[in-house]
Amino acid sequence: MAAANALRAVTAEVLVETAESLPTICIIGLGYVGVVSVGCLAERGFKVIGADLDAAKVACVADGRSPIVERGLEALLADGVRLDRVSATRDVVQAVSASDVTLLAVGTPTSADGGCDLTFVRAASRAIGMALRDKPAGHCVILRCSVPPGTTLGVVVPEIEAASGKKLGQDFGICFSPEFLREGSAVADFADPAKVVIAVSDARAETIARQVLSAAGQPVLITTIAVAETLKYVDNIWHATKVVFANEVGRFCKALDVDSHEVMRLFVEDTKLNLSPYYLKPGFAFGGACLPKEVRAAMHIASLNCVELPLIDSLLISNEQQVAAAQRMIVDLAAPLRRRTIGFLGLTFKAGTDDLRESPMVELAARLLRQNLSVRVCDPNLDSGPHLAAQASHIAATHASLAPLLDALVGGSALATLDSVMADCDVIVVAHATEAFRAAVRGRRAGVHVVDLVRLFRDVPAEATYHGIGW
Ligand SMILES: NC(=O)c1ccc[n+]([C@@H]2O[C@H](COP(=O)([O-])OP(=O)(O)OC[C@H]3O[C@@H](n4cnc5c(N)ncnc54)[C@H](O)[C@@H]3O)[C@@H](O)[C@H]2O)c1
């Protein structure tokens, strides 16, 4: 303990020497995020002014006490006040006026209609604007609230500009940086965050945001403001999905008298397929010999045991909606065309296999046939030999609605070379991401529509005839 205090004192001394060159930071909102930021940024040597409308929170922080329960925070605030780095006020405008950088950390609760209530964000943005009215150019505003995509540039900046009469980029900079700290370990998370993501309006804002938010040993991930805003929601949706998934696994296992914790202990050991980027790129529906079959079997076992698993139950529904979305796109694109033949680049359930079982592309193509469109398929792993005939008769035995498509494949009338598909079809559906298909799409005839189910290109082509399924 004594050693830790001594170390903190030494660190504080070192930081005192550099404090002169650091910007003064105003933090609006002394809730869980704001007050942790006050303590942690003060520890890094910044002068920090906390601003909140809540008199009790302001009094606490000004006194070097924590208004919330958070391990390690009280000591940081006490040190901050003792070293004259931390102050607090209810005068938000004055706090912004006296600082170089403003961190916005007000609440964004659920509104009456279930959306995100931006009342506090709007009010705080107006206060920032009022302060900027009489300030020289150069202030940087860093939004740390979780907000709907579009809020930073569509709400915060217009409010600041309207209240200040100043212009983004010319008079002030903006940054959106999602906050990833977890209550209970917030101080430790501030020093060692899950990631640091910064999205800015200009280079100067980036320099300031890096100075304030960088964490030792962590890369700073730079992206666009809309992506950063969306990322924060997606992160939290994912965390919620993990919790619900694990709990459904628990209910499933309990009904079968299987130890769920032993199952999940081994589940997380798999960092190749389970806890990894695998299966996490938006694209087309899942299929193949295993996933749909096993999801169905688990649903069946659960229902036999009277266990409700709404998340797992929703998987096949959502998967079917992905097929329906592609079907709608293709039908709409084909409707005004003279030649109504749809070309598929890839039909097996994924590239590199000849397996057609439960391929969502087979389902999609069969639906298009039923809507009076014709289909031509180029798939390097399919040829109209006995293997395809055997697969087709096996599939048709349980899925009669697929028989017309399967017959056309086996008979050879639906299979074609890449060149002839590209020559004969005015809508191309790309289901496998291969170099040959990428080159064919790049070199396609003018006016030919592409429906991309696999994100062929990292940078989405800005062409009116290119259509991504989820981008
Ligand atoms: N709590 C978390 O663990 C966490 C983690 C990451 C991100 N976030 C996000 O950070 C933001 C803040 O969350 P929180 O939990 O700290 O909120 P909070 O509700 O605990 O605190 C918000 C504070 O803002 C103050 N405030 C509201 N309007 C104000 C105004 N106009 N001027 C000055 N102060 C004002 C309130 O009095 C309150 O003290 C939210 O968008 C939240 O979604 C929270």
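Being without any contact (Cβ under 8 Å) to a residue 60 or more places away in the chain, closer than 26 Å to Val249 by Cα and assigned to a helix (DSSP H, G or I) is true for just one of Val295, Val323, Val331. Which residue is that? First the steps, then the outcome.
Values: Val323 fails: closer than 26 Å to Val249 by Cα; Val331 fails: closer than 26 Å to Val249 by Cα.
Within the list Val295, Val323, Val331, the selection yields Val295.
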For Ala366, are the conditions met, namely being assigned to a helix (DSSP H, G or I), farther than 22 Å from Arg444 by Cβ and modelled with pLDDT of 95 or more?
yes
Filtering the range 188-228 down to residues that are surrounded by fewer than 20 Cβ atoms within 10 Å (Cβ to Cβ) and among the aliphatic types (A, V, I, L, M) yields Ala188, Ala191, Ala194, Val196, Ala203, Ala215, Ala216, Val220, Leu221, Ile222, Ala226, Val227
In the range 177-200, anything in contact (Cβ under 8 Å) with a residue 40 or more places away in the chain and not aliphatic (A, V, I, L, M) is listed as Ser177, Pro178, Glu179, Phe180, Glu183, Gly184, Ser185, Phe190
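Suppose the filter is over 18 Å from the mean Cα position of the chain (by Cα), of a type outside the set (D, E, K, R), closer than 19 Å to Val33 by Cβ and within 15 Å of the ligand (Cβ to nearest atom); does Ala188 pass it? Full working, then the answer.
Numbers: over 18 Å from the mean Cα position of the chain (by Cα): yes; of a type outside the set (D, E, K, R): yes; closer than 19 Å to Val33 by Cβ: yes; within 15 Å of the ligand (Cβ to nearest atom): yes.
When the stated conditions are applied, Ala188 passes them.
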Could you tell me whether Ala75 is out of contact with any Cys (no Cβ under 9 Å at 6 or more places or on another chain), in the same structural domain as Gly129 (by TED's automatic domain parsing), surrounded by fewer than 24 Cβ atoms within 10 Å (Cβ to Cβ) and within 25 Å of Ala123 (Cα to Cα)?
no
Scanning the range 304-344 residue by residue, those surrounded by fewer than 12 Cβ atoms within 10 Å (Cβ to Cβ) and touching a strand residue (DSSP E or B) at 6+ places or on another chain (Cβ under 6 Å) turn out to be none
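Residue by residue, here is whether (1) over 23 Å from Val35 (Cβ atoms); (2) within 13 Å of the ligand (Cβ to nearest atom) holds:
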{"site": "Val121", "(1), (2)": "no, yes"}
{"site": "Arg126", "(1), (2)": "no, yes"}
{"site": "Gly129", "(1), (2)": "yes, yes"}
{"site": "Glu161", "(1), (2)": "yes, no"}
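Give the residues of the range 148-200 that are over 30 Å from Gly72 (Cα atoms) and small (Gly, Ala, Ser), sorted by residue number. Steps first, answer last, please.
Filtering the range 148-200 for residues over 30 Å from Gly72 (Cα atoms) gives 148-174, 200.
Gly150, Gly154, Ala162, Ala163, Ser164, Gly165, Gly169, Gly173, listed by residue number.
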Would you be able to say whether some residue in the range 178-191 is assigned by TED's automatic domain parsing to the domain that holds Leu22 and in contact with a strand residue (DSSP E or B) (Cβ under 7 Å, 6 or more places away or on another chain)?
yes
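I'd like to know if the range 221-236 contains one or more residues that are over 30 Å from Ser303 (Cα atoms), within 16 Å of the ligand (Cβ to nearest atom) and of a type in the set (S, T, N, Q).
So in the range 221-236, the residues over 30 Å from Ser303 (Cα atoms) come out as 221-235.
With within 16 Å of the ligand (Cβ to nearest atom) added as a condition, the list becomes 225, 228-235.
If we keep only those that are of a type in the set (S, T, N, Q) as well, we get 230.
Yes, that holds for at least one residue.
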Going by the conditions given, is Asn247 among the polar types (S, T, N, Q), assigned to a helix (DSSP H, G or I) and over 11 Å from Leu311 (Cβ atoms)?
no
Sort out which residues of the range 27-65 are near the ligand (Cβ under 10 Å from one of its atoms), crowded, with 24+ Cβ neighbours inside 10 Å and of a type outside the set (Gly, Ala, Ser), and write them in order of number.
Ile27, Ile28, Leu30, Val35, Val36, Asp52
Looking at the range 148-172, which of the residues that are charged (D, E, K, R) and under 29 Å from the mean Cα position of the chain (by Cα) is surrounded by the most Cβ atoms within 10 Å (Cβ to Cβ)?
Glu159
Looking at this structure, is Ala55 within 16 Å of Gly29 (Cβ to Cβ), of a type outside the set (Phe, Trp, Tyr) and in the same structural domain as Ser37 (by TED's automatic domain parsing)?
yes
Failed item in (1) within 15 Å of the ligand (Cβ to nearest atom); (2) in a helix (DSSP H, G or I); (3) out of contact with any Leu (no Cβ under 7 Å at 6 or more places or on another chain); (4) within 16 Å of Val187 (Cβ to Cβ), with Ala75 passing the rest
(1)
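The values are calculated or read from the model by the stated rules, or taken from the named source; none is laboratory data. Predicted model only: the values in this text are computed from it and were never measured. Counting neighbours? That spans all protein chains shown, and the Cβs are built from the backbone with ideal geometry, glycine included.
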